[in-house]
Amino acid sequence: MRIEVLDLSELEELTFQTAIERFGDLARGNKKIAMAIRDLSDFYISEPEVRGRYPNSVMHQIARMTFFTLADLPKAFNVAAELDALLGICEKPQLKILDLGAGYGAQSLGLLLYLSHGGSDRSVRLDVVDKDLDALDAFDQLFAQCKKNGFFKNTEHHILHLDLEKRFELKETYDFILMGNMLCEVKATIH
Ligand SMILES: C[S@@+](CC[C@H](N)C(=O)[O-])C[C@H]1O[C@@H](n2cnc3c(N)ncnc32)[C@H](O)[C@@H]1O
């Protein structure tokens, strides 16, 4: 089924004008970030054949870090909580996690926040894969801040710059493999 791409540009302009009328400079200041969020959202739901390049301006990068990372993190947190309640999957004292197409780390962060709640001391090794160097760098910075500020401890991470559409080999085995919001972006069969 093909989903028509709506042209909302006029309605978008009108909406922002109304927001500025109503909320003043606060709305004016947030217009760029709001547009970047919508842009990315359009990209994520469009079909691969009609999709352009990944929107990756600074504004899009800010949107990914400050909006999508936080909005998507509960997907891993909530699933881990459910699986743990049903199967006790988080009880091991050492865990190895692989995050494929990790982006800015929403799924890794969600899972790690779950694993560290209640002050657990287990050790975690996290391997993070993406083909986008900017995303991996942003992940690294955000993750370092989380560690520095005590969101999780005993966790070491390894950044792997890989394209999943090409053949690759991983030497570790894992307790968790995360693939959040990324299968729609991978064209070829993953070997
Ligand atoms: C929508 S983001 C999702 C990021 C994160 N998993 C989340 O849930 O927020 C998709 C990520 O998959 C990555 N990606 C897409 N195709 C890829 C490929 N062939 N190899 C590695 N990473 C890929 C993109 O660079 C992007 O960072």
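Which residue is modelled with the lowest pLDDT, if the candidates are limited to region 172-191 and must be of a type in the set (A, V, I, L, M) and within 11 Å of the ligand (Cβ to nearest atom)? Even if it seems obvious, please write down each step before you answer.
First, the residues of region 172-191 that are of a type in the set (A, V, I, L, M): 177-179, 182-183, 186, 188, 190.
With the extra rule that they be within 11 Å of the ligand (Cβ to nearest atom), the set shrinks to 178-179, 182-183, 186, 188, 190.
Details: Leu178: 97, Met179: 95, Met182: 90, Leu183: 86, Val186: 80, Ala188: 57, Ile190: 54.
Out of the qualifying residues, it is Ile190.
Within the group Arg167, Arg122, which residue is within 24 Å of Arg53 (Cα to Cα), free of Cβ contacts under 8 Å to residues at least 60 places away in the same chain and over 19 Å from the mean Cα position of the chain (by Cα)?
Result of the check over Arg167, Arg122: Arg167.
The values are calculated or read from the model by the stated rules, or taken from the named source; none is laboratory data. Everything numeric in this text was worked out from a predicted model, so none of it was measured. Heads up, the Cβs are rebuilt from the backbone with ideal geometry, glycines too, and the neighbour counts pull from every protein chain shown.
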